[in-house]
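*Asks:* Right, I'll just put the structure down here and ask away after.
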Amino acid sequence: MSHVDLAAKIPNNVDLNADKRLQRALEEWQPKFVDWWRSMGPEGFQAHDVYLRTAVNVGREGWAHFGYVKMPDYRWGIFLEEPEKERKIGFGDHFGKPAWQQVPGEYRNMLRRIIVTQADTEPASVEQQRMLGQTCPSLYDLRNLFQVNVEEGRHLWAMVYLLQTYFGRDGREEAEDLLRRRSGNADNPRILGTFNEPIKDWLSFFMFTTFTDRDGKFQLIALSESGFDPLSRTCRFMLTEEAHHMFVGETGVGRVLQRTADLMNKVGTDPAKVRAEHAVDLPTIQKYLNHWYTSSLDLFGSERSSNAADFFASGLKGRYNEEKYADHVVLEGEYDLAVRGSDGRMHTEKVPLRNAMNEVLRDGYVGDCEFVCQRWNRILEKAGRPERLELPSRRFRRAQGIYADACYDPKGNPISNEEFEAHKAQWLPSKEDLEYVRSLMHPVTEVGKIASWIAAPAKGIDEHPFAWEYVKPPHA
Ligand SMILES: [Fe+2]
Ligand SMILES: [Fe+2]
């Protein structure tokens, strides 16, 4: 077992004490991170006491500690999963060779780019969500928001550790830039599109943590296969935290659905009548789903991609569940890709499998999202409702990849721009829908109380009831 040093300035299990140069570099970065947190983290709650879990170790049992903490004092630490003895590279051109403990020189730039792209999403989401605390539907939800936020902060620490440890001067510069870019900033935006979209209401937050954090899960799984062992071990531990973010999202949307279904049983299906009860009508929930799901699909990159082929060939980024495949080298094999022909119809094109690795990962993601959708539909079913939510086709409303230059309906049928425009307000949140949902967002901070548009959760946190003071204001 590696030694866990919790008393250190930066809690860690990487023996930071033994590398003074690295320790100094990270301790120099730490106050810059805290400054960033104070200015770009949750607005208005920096002095509150929040009931948070903190990572204190890795491994199955007892890795987290629960307690009240003021967020700027949160103990952001560096934790890597335990090394696997004599781990081998699991795929690509170097299949079967020992995993790298240092950066392979020929892949240095590629690897840095992979790490920076992942790293950039972490602070981005904190920035996107920074105003949400002011309209929380309950103290329970407020605490969950902050838990997600501090853990995204820890994910940034995890990636910055890799940059500072293995990439020398460029790594230090990248670590600075990660605190300089800003979500949604026209001059210096975050790297990926979805992470520049504002999250102004809690339904968006729950959709984001369901669909966008789930993209994170798949990226981390693919990177936990990496032949660069420190990256693999870092990502494996991040996945344990990611599971909670997806829980917050899925149960959040589920509770909105529960409330809506209960109201539909009372007042009928007319969206106006549901809205009269200060709740979100089902068509609006579907439109939000359509928006955030498709936005997250874009994060996997283009369907045909030479970058994806290079990442796989080099052994840096693998597939979801790489071990379940028989062939780990993948020099043969093709992927059947649906492409729109010049006749306007869909055809199948054979793509060399290595070039289709983004699509292979997206397949896993789509399947996982389908399960989520089924679980949401069970809530409707249990409430006796015949309506169902549905994932749109992966071709619908894409901004990246081969489906981006033409229009498709939610079933994936090719349509004209005019048809798309004519139906847009039925498929995606209109300005009016967004304004309506935002009009519902009022803070509910009384212990045990919940907003009108969402059901209370079945359980509280860490064995505490829902009616509990998860967030306490600073003492006057
Ligand atoms: Fe994250
Ligand atoms: Fe996350």
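None of the figures in this text is laboratory data; all of them are computed from the coordinates on show. Values in this document were obtained by computation on a predicted structure and should not be read as measured data. Cβ coordinates were reconstructed from backbone atoms using ideal geometry, including for glycine residues, and neighbour counts include every protein chain displayed.
*Asks:* Treat each spin label as a single point 7 Å out from the Cα along the C-beta direction, and report the A399 to D363 distance in nm.
*Replies:* Placing both labels 7 Å beyond Cα along the Cβ direction yields 2.8 nm.
*Asks:* Where the centre of each part is set by its Cα atoms, how far does the stretch 444-476 sit from the stretch 113-139, in angstrom?
*Replies:* 22 Å
*Asks:* Sticking with this structure for a sec: Could you give the length gained on full extension between D15 and A186, defined as 0.36 nm per residue of separation minus the Cα-Cα distance, in nm?
*Replies:* Values: separation 171, 0.36 × 171 = 61.56 nm, distance 4.00 nm.
Once the chain is fully extended between D15 and A186, it gains 57.6 nm.
*Asks:* With each pseudo-label sitting 7 Å past Cα toward Cβ, what's the M110-N321 distance in nm, one decimal?
*Replies:* Between M110 and N321, the simple spin-label model gives 2.6 nm.
*Asks:* Kirkwood Rh over Cα pairs of the stretch 83-454 into Stokes-Einstein at 25 °C, 0.890 mPa s: D in µm²/s?
*Replies:* 112 µm²/s
*Asks:* Three principal axis extents, largest first, for the C-alpha atoms of the stretch 124-167, in Å?
*Replies:* 43, 16, 8
*Asks:* Could you give me the percent of Cα pairs per 5 Å distance bin for the stretch 344-476, shortest bin first, beginning at zero and ending with the bin that holds the maximum distance?
*Replies:* 2, 7, 10, 13, 14, 15, 12, 9, 8, 6, 3, 1, 0, 0
*Asks:* Once both labels are modelled 7 Å past Cα along the beta-carbon direction, what's the A458-A276 spacing in nm?
*Replies:* The two pseudo-label positions are separated by 3.3 nm.
*Asks:* What is the Cα centroid distance between the stretch 214-260 and the stretch 359-438, reported in whole angstrom?
*Replies:* 21 Å
*Asks:* For a Förster distance of 30 Å, can you work out the FRET efficiency between the beta-carbons of A338 and N377, rounded to the nearest 0.05?
*Replies:* 0.70
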